[in-house]
Each structure stands twice: as structure tokens, then as C-alpha cells.
Amino acid sequence: MSEQWTTADIPDQRGRVAVVTGANTGLGYETAKALAGRGASVVLAVRDVEKGERAAARMPGDVTVQALDLCSLDSVRTAAAALRSRLDRLDLLINNAGVMYTPKQATADGFETQFGTNHLGHFALTGLLLDLMLPVPGSRVVTVSSTGHRIRAAIHFDDPHWERSYSRIAAYGQSKLANLMFTYELQRRLAAHGTTVAVAAHPGVSDTELIRNTPAVLRLPVTWLAPLITQTPAMGALPTLRAATDPAVLGGQYYGPGGRFEVKGHPRLVASSPQSHDAAVQRRLWAVSEDLTGVRFPFGEARQGLSPSGSATAG
């Protein structure tokens, strides 16, 4: 694999269809723009349609907009139905949208906002769109996680919505750990189909709107250190783009910046935390996610004992 992978390495995407959540700004915008620039038909799935239309107007090629609010399962279902009515196939689903370090809030369905948006909304969207992907060779579900999956992170099955107490940092860690566990469990379940694969990525530390909710105690140090520890959204999008398009990618892999501490740099294969690979917790999280969202995926149980990273190749 190239050690200096860039958008110039993205293969021709003509004939491929991609849906990118949160694509009106930041990482999602750069991801969608790069895919469209290589010929993909791209749908920007965004909460603010007006901003999405403005973003689409700045991108090359075939780019359209779909309203999607991941804080509402009704909106997720409406968006999925609209996409299913207009698309006959889906090659790439990029689960990019997210919130970070929000004050204690709840989604329209009563979920803690970070867990509800970052994990449950994308879990539901993926399940509702997956049958558009299963017949498509080389199709991929790419979910964006974070190095935050290592920071005070655990799946709090006894209180997933932080009703007893709240830590915005730990809640974010839970949501990003859930993104990885979802990817690994999804890959195990996809392995029997031999077409679609699930891959994860993280952007390192990128200068995007996500940092606006950084706790006050961290905001000043982050501001001072920003020139040293952050990279542009275009660079931050590269791990996602590599996970989505590199022919050498395998299902169940995880991509991030190749620099020291995975803060910035060109994308490469990286490792997630040991606890993210706990298969029993992955299965339990899947069952809880099904119960909370009411979404069932169009295939059966995962095959026992199958490694999530050694099962399928996407090209």
C-alpha cells in the first residue's frame, strides 16, 4: 500500500453511487467532493438542505441532496425511503456525520445525543439501505470513528443514555467505540454474502466545526496547540476516502493518519483498542441497537468464530 496515499490514488468512480452523511461541511464535504471529482454520483445526506444545496453547487459532477436528521429515527426512515425510491443500487455508504462533546441533550427519540447521532442513527440508516448494497460487488459501508474511542470509553449497557450522570467526554467515547464495534460486527454478518464489506476510519485531529463543543478546560490548550496537532479537513478526509476506494482494503479494517499518535498525516491501516474487538460486547451492542431503533438488518446472525478482518475483499 502507498505510504503517501492522496486523492490522486482514488480509482475511477464512474458508475458508482455514494451516500455521504454530514456532507455539507468539514470532513463529509471533502469526502463527497473527492468522490464526485472521480466520477461518482454522490448524495449529500444532510440535516440542513439549504446548506447542502450550497455545498453541492461547489462540487463537480453529479451531486444531489437528501434531507437527513440522524437525531430523529422518523427522519432516518423518511430519508431511507426517499433514497430507496430514487436509487437502484448503492456502492458506498459513508457514515460520516457526528457530534462531539455536546452538553447533555436528548434526540427526538430520547437517546443521549452523541450515542443517538453518531451510532444509533447510522445503525438504523445502514440497516434500512443495506439491501441496495448487498447485490453490488465491491460495495462498502465506511463508518467514521475517532481516537476518542480510547478515552474514557465503554458501552454503558446499564445506562446508555447517561440518565444517572453525564460526562460529555465519556459519552463521546462510548459513541465512537460503538462505531467501531458496529463495523466489526457488521463485517462478521456480511462475510457470508461475499459482496459488501464494512470498514472504519478516523480523521486524526482535524480543524472542523466538531471542536466547537470542546469543554472550556480543554479549549484554550487546543487553540494554542492547533497549528501543531491539527490538519485540514481535506487531509482528515483521506482515511475515509482510502477505506472507501482503495482496492486493497479488506472488510473489518480501520484506517487513520499515519503520523505520530495518529494525529495527522497520510492514511494507513491502524489498530483500534483491544476492547473494541470484544465480540461478546459487539453482539450485545447490536441487539440493543436493534431494540432501540426497531431496525433489523436483511440477513441472519453472524457466523461464530469468524475474524472481522479476514473474511472478504472489496475491489
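The values are calculated or read from the model by the stated rules, or taken from the named source; none is laboratory data. As the structure is a prediction and not an experimental result, all values here were calculated from the model. Please note: Cβ atoms are built from the backbone with ideal geometry, for glycine as well, and neighbour counts cover all protein chains shown.
With region 1-120 as the region, which strands (runs of 3 or more DSSP E) entirely inside it contain at least 2 residues that are in contact (Cβ under 8 Å) with a residue 24 or more places away in the chain, touching a strand residue (DSSP E or B) at 6+ places or on another chain (Cβ under 9 Å) and more than 28 Å from ILE155 (Cβ to Cβ)?
The qualifying strands (runs of 3 or more DSSP E) are 17-21, 41-46, 63-67.
Of everything in region 188-204, what is under 22 Å from ALA237 (Cα atoms) and either surrounded by fewer than 24 Cβ atoms within 10 Å (Cβ to Cβ) or not hydrophobic (A, V, I, L, M, F, W, C) (or both)? Give them in sequence order.
Of everything in region 188-204, those that are under 22 Å from ALA237 (Cα atoms) and either surrounded by fewer than 24 Cβ atoms within 10 Å (Cβ to Cβ) or not hydrophobic (A, V, I, L, M, F, W, C) (or both) turn out to be THR196, HIS202, PRO203, GLY204.
For region 248-276, how many residues are more than 17 Å from the chain's Cα centre (by Cα) and either among the acidic types (Asp, Glu) or within 11 Å of ARG140 (Cα to Cα) (or both)?
Number of matching residues: 1.
I'm checking my understanding of the structure. Among residues of region 121-134 that are among the hydrophobic types (A, V, I, L, M, F, W, C) and not in a loop (DSSP other than H, G, I, E, B), which one is surrounded by the fewest Cβ atoms within 10 Å (Cβ to Cβ)?
Looking at residues that are among the hydrophobic types (A, V, I, L, M, F, W, C) and not in a loop (DSSP other than H, G, I, E, B), I get LEU129.
Could we say that VAL144 is surrounded by fewer than 22 Cβ atoms within 10 Å (Cβ to Cβ) and hydrophobic (A, V, I, L, M, F, W, C) here?
no
List the number of the failed condition for GLN105; all other conditions in (1) surrounded by fewer than 20 Cβ atoms within 10 Å (Cβ to Cβ); (2) under 30 Å from PRO247 (Cα atoms) hold.
(2)
Taking region 250-293 only, how many residues are touching a Phe, Trp or Tyr at 6+ places or on another chain (Cβ under 8 Å), in contact (Cβ under 8 Å) with a residue 60 or more places away in the chain and not in a helix (DSSP H, G or I)?
Here the count works out to 7.
Quick check: is even one residue across region 129-136 in contact with a strand residue (DSSP E or B) (Cβ under 7 Å, 6 or more places away or on another chain), closer than 15 Å to LEU292 by Cα and either modelled with pLDDT of 95 or more or among the polar types (S, T, N, Q) (or both)?
There is no residue in region 129-136 that is in contact with a strand residue (DSSP E or B) (Cβ under 7 Å, 6 or more places away or on another chain), closer than 15 Å to LEU292 by Cα and either modelled with pLDDT of 95 or more or among the polar types (S, T, N, Q) (or both).
What's the number of the only condition in (1) assigned to a helix (DSSP H, G or I); (2) surrounded by 12 or more Cβ atoms within 10 Å (Cβ to Cβ); (3) at pLDDT below 95 that ARG212 fails to meet?
(2)
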